[in-house]
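Worksheet: the structure to be examined is printed underneath.
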Amino acid sequence: MATDKTTLFPEISRRKALGLMAATGASLAVPALIGRGSALAAAPDKPTGQFIVGFSQEPTVFNPHLLHIEVDEGVHFAIFDPLFNVDPDGKFTPALAAEVPTVENGGISADGLNWKIKLRDGVKWHDGQPFTAEDVKFTLDLMVEPDFRSWRRAGHDLVRDIKVVSPTEITWRMEKTYAPYPSILASTFIVPKHALGEAADKNTAPFNNAPIGTGAFKWGKRVAGDHIELLANADYFGEGPYLERVIIKYIPDLNVLYTQFKSGDIDITGLQWITPDHYEEAKGLADREVQLVAGSTVESFTLNMGKPQFKDPAVRSALYHAIDKQAIIDALYYGLPTPTETYMPQQSFYYNPDLPKHEFSLEKAKAVLDGAGWLAGGDGVRAKDGVKLAFTCSTTAGNHIREQAQQFIQQSFKDIGVEMTISNLPPAVMWGDYWMTSQFDSVIVGIDFLTGPDPDTSDYFASTSSVATGGAGQNTWQYHSPEVDKLLQEGGNSLVPDERKASYLKLQEVVRNDLPLLPLFQYTTVRGRKKGLTGFTPNVNNRIDTWNIGTWYWEA
């Protein structure tokens with residue numbers, strides 16, 4: 001089949017690409033090769049000024065390959081670089097790679113199995129050491145090292161025969177064709193072999209608390225519980241940096257986060273942004289820019305299926321019936337988010353619009369539990385075979401809207417004979433081992449399930465991706481489904497979007513039926529920043545606003 005220069009694989013013709021772009025919208029398009037953008041004329045000649053980013057969660061994991069969450073990537077994107085990035089249109093752009101590999105330029109074989117990456121020459125690590133292909137090989141090997149607490153092995157575990165051809169060229173082959181791998185590489189930051197390779201235990205290496213990257217900013221210092229300071233990298237190979245300093249400030253209370261944005265103490269509201277109850281006031285603030293941004297993150301009431309309370313599908317179904325999610329959206333989120341039945345963003349080509357629609361009904365919830373033999377005891381709490389329908393629900397302490405949602409759900413559950421105890425934790429504790437190793441009972445959480453624009457979710461739903469059961473990944477609900485595993489494999493083996501789509505439509509159907517997570521809504525976020533900030537660009541294909549922070553600057 002004829003190939004097109006903009007595509008990663010030959011099976012995706014220009015016609016298919018245009019059709020996919022039309023189906024998905026600009027934010028979730030077919031990955032394509034474009035040139036790296038040049039700096040705007042108004043950008044300063046040298047780094048100047050500083051910028052204060054407010055995050056409601058505290059970044060605590062600075063090795064980008066250890067188990068981590070979205071907020072940690074707020075630091076990773078500033079300090080490190082992948083081989084190539086994904087822009088807001090879903091297009092791949094070169095970073096440490098001199099060009100994005102395609103069939104046309106010889107970077108990928110026609111069957112997608114053999115890869116050859118040409119790297120930029122002259123790139124330096126923050127400590128002055130040269131970046132080479134040895135660092136790329138070290139990173140790819142690290143991802144699948146058995147004793148390393150890797151945040152993602154899916155995809156990397158298919159890489160074979162890595163060869164360093166020269167300091168600026170590396171090759172490998174894939175065990176099998178795996179369509180999601182370009183997007184996985186775009187979220188794989190390269191780390192230095194010389195700084196981490198000799199560590200006896202890479203999980204606890206000094207590097208993890210004083211990272212060295214190639215990125216636009218260098219590690220400055222961290223004041224735990226308060227802020228992180230990043231400093232301009234004058235030797236950066238790419239565009240920018242234009243700021244002399246970036247301060248990432250930790251503000252766990254979302255009301256305080258907004259108040260500090262309103263008063264000017266922070267320049268931009270980062271992760272968790274401005275809560276909907278402040279939207280009307282915020283958009284009228286002088287010298288501020290406030291916009292609604294559709295996000296690919298999905299909020300859910302997540303269940304730990306390793307707990308005996310949730311092993312019965314009837315329990316999961318009844319709990320879903322007992323959540324009045326439309327009332328939560330209308331009353332607490334001012335109608336801004338969109339209700340959903342799936343983890344897949346509704347703008348995606350792979351979104352399934354035909355899933356069963358949620359019905360809030362306490363009577364149906366009770367009937368389902370009655371029929372499954374979960375009967376109320378003397379204390380009013382249902383039980384079956386010695387297991388009580390009693391559990392904790394956790395989320396980030398200080399997120400007042402989620403805390404109100406918990407109280408609302410708690411009352412509904414009580415009405416059907418289910419006892420839910422609220423047990424919230426500081427972000428660093430909540431999203432650490434408690435979340436990653438499945439120590440929780442249930443959680444209210446927002447997750448961006450996709451890697452860039454690719455629909456693969458092996459990291460979240462594959463049986464091998466549960467850390468609690470010996471795997472590596474983010475299957476924190478300990479969800480194990482042979483049918484899902486098969487569908488993930490089928491979807492990853494095809495390079496043609498139309499063929500892949502059938503697998504992912506069915507996958508969403510199975511997950512919706514099994515309900516390891518009870519989907520609530522897809523985010524519509526309220527982003528706020530001071531006027532004069534240039535370069536800020538929402539990107540649905542990355543999980544954090546600072547994905548391009550190297551290009552931010554203040555207008556003169």
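Any read-out appearing in this document is the output of simple, stated calculations on the displayed coordinates, not a laboratory observation. In this text, all values refer to a predicted model and were calculated from it rather than measured experimentally. We place every Cβ from the backbone using ideal geometry, glycine too, and count neighbours over all the protein chains shown.
What does the net charge come to around VAL387 if you take all other residues with beta carbon closer than 11 Å to its beta carbon, with K and R at +1 and D and E at -1?
On the way: positive: LYS307, LYS311, ARG382, LYS384, LYS388; negative: ASP312, ASP385.
Spelling it out: positives minus negatives among the neighbours equals +3.
Relative contact order of the range 427-556: 17 percent, from C-alpha pairs under 8 Å at least 6 residues apart in sequence. The long axis of helix 362-371 is offset from the longest Cα principal axis of the chain by roughly 80 degrees. Axis of helix 254-263 versus longest Cα principal axis of the chain: the two differ by about 50°, to the nearest ten degrees.
When only alpha carbons of the range 183-246 are considered, Rg and Dmax amount to 13.5, 37 Å. The distance from the alpha carbon centre of the range 392-429 to that of the range 176-196 is 37 Å, rounded to a whole number. Taking amide H positions as modeled 1.01 Å from N, with prolines and chain starts lacking one, the residues under 5 Å from PHE131 and 5 or more places away or on another chain are VAL123, LYS124, TRP125.
Please report the spacing between the Cα centers of the range 233-255 and the range 322-368 in Å, no decimals. With the range 233-255 and the range 322-368 each reduced to a Cα centre, they are spaced 37 Å. The distance from the alpha carbon centre of the range 447-467 to that of the range 100-170 is 21 Å, rounded to a whole number.
Between helix 133-143 and the chain there is an angle of about 10 degrees, using the helix long axis and the longest principal axis of the Cα atoms.
May I ask for the net charge around LYS137, where only other residues with Cβ less than 12 Å from the Cβ of LYS137 are counted and Lys, Arg are +1 while Asp, Glu are -1? Write out the running numbers ahead of the final one.
Details: positive: LYS163, LYS193; negative: GLU134, ASP135, ASP141, ASP161, GLU169.
Cβ neighbours under 12 Å give a net charge of -3.
Note on LYS46: aspartates and glutamates with a C-alpha under 19 Å away, same-chain residues under 8 apart excluded, are GLU229, ASP235, GLU239, GLU244, GLU555. Each Lys or Arg adds one and each Asp or Glu subtracts one; over the other residues with Cβ under 10 Å from the Cβ of ALA318, this totals +2. Structure note, pairs LYS91/LYS118; LYS325/LYS486; LYS193/LYS218; LYS218/LYS531: Cα-Cα distances above 21 angstrom occur for LYS325/LYS486; LYS218/LYS531. Only helices enter this figure: runs of n ≥ 4 DSSP H residues, each worth -39500 (n - 2.57), summed and divided by the residues of the chain, yield -7000 deg cm²/dmol at 222 nm to the nearest 500. When both bridge partners sit in the chain, DSSP labels roughly 80% of those beta bridges antiparallel.
Considering only SER296, ASN399, PRO427, the residue lying farthest towards the positive end of the dipole of the chain is SER296, judged by Cα position with unit charges set on Cβ.
Phi angles of the range 45-61 translate, via the Karplus equation with coefficients 6.51, -1.76, 1.60 and θ = phi - 60°, into HN-Hα couplings of 6, 9, x, 8, x, 9, 9, 10, 9, x, 10, 7, 10, 9, x, 9, 10 Hz per residue; Gly and Pro are given as x.
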